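S.K.: Please find one structure pasted underneath; my questions will follow.
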């Protein structure tokens, strides 16, 4: 038997590992981020529940209007709330104006839940770790919530317009949508614009408080506390400020308790411009 050694194994060619192509992800732009936030709002049942609650506030305000019409026999006469040339704009605008206060609480809740919820759960860290710009993300979220607030205003307007037609069941004649004209459209547009202004400010309040505290509960509670305290203090502080006769105190009262954008400059704006901004706010 041969003692010769077995031939050494021939070296194999080195195996080339397949390279995985690197896909460069482009950062999402503002529109894409806003669209994603709108989709998230659309899928949340709580948002739809808040919309229904806002419509309930409008309906309750309309019931107050009906109660006034039934208790006051001359309410449909010219010169009164539901009579005259402005009857239709007032019959539609009054439920929106009275129901707007409830909408302000809803806007604060939306801001607190949307911003504070992601900070408290840590979801925003995951989103920002994917290369999303923080400022753009927060701006997109606010724009999406602003669109939701616009939907609240439009829904309240449509419901108030529909309910107005039922005033015929209480009194005839009564204002209906058949009396809609250009003057009424302009007045309703001003009311809607003032309502949206209030909602956006309350939305910003709830969002800012929840971001600072990184807690949705604190943002909502503090925002609600401010709105409730505003109603209470608004009955006391203006009386004190006027009794002291300090211009600075009057400006502070305007800043805290006037919902218009021109609140701080209410004493310096021209009278016509200040009156026009008040009309936009439904005052």
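S.K.: Can you tell me which of 221, 213, 207, 187 is over 30 Å from residue 87 (Cβ atoms), more than 18 Å from the chain's Cα centre (by Cα) and surrounded by 14 or more Cβ atoms within 10 Å (Cβ to Cβ)?
M.R.: The unique qualifying residue is 213.
S.K.: Still on this structure: Would you confirm whether or not the stretch 113-121 contains a residue that is at pLDDT 85 or above and buried (at least 23 other Cβ atoms within 10 Å of the Cβ)?
M.R.: No, every residue in the stretch 113-121 fails to be at pLDDT 85 or above and buried (at least 23 other Cβ atoms within 10 Å of the Cβ).
S.K.: Condition first: assigned to a helix (DSSP H, G or I), in the same structural domain as residue 110 (by TED's automatic domain parsing) and within 30 Å of residue 115 (Cα to Cα). Can you find one or more residues in the stretch 159-168 that meet it?
M.R.: Scanning the stretch 159-168, I find at least one residue that is assigned to a helix (DSSP H, G or I), in the same structural domain as residue 110 (by TED's automatic domain parsing) and within 30 Å of residue 115 (Cα to Cα), so the answer is yes.
Per-residue answers, yes or no, for (1) in a helix (DSSP H, G or I); (2) modelled with pLDDT under 85; (3) closer than 19 Å to residue 160 by Cβ:
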| position | (1), (2), (3) |
| --- | --- |
| 49 | yes, no, no |
| 57 | yes, no, yes |
| 60 | yes, no, yes |
| 68 | yes, yes, yes |
| 75 | no, yes, yes |
| 88 | yes, yes, yes |
| 99 | yes, yes, yes |
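The values are calculated or read from the model by the stated rules, or taken from the named source; none is laboratory data. The structure displayed is predicted, hence computed values, not measured ones. So basically every Cβ, Gly included, is an ideal-geometry build from the backbone, and we count neighbours across all protein chains shown.
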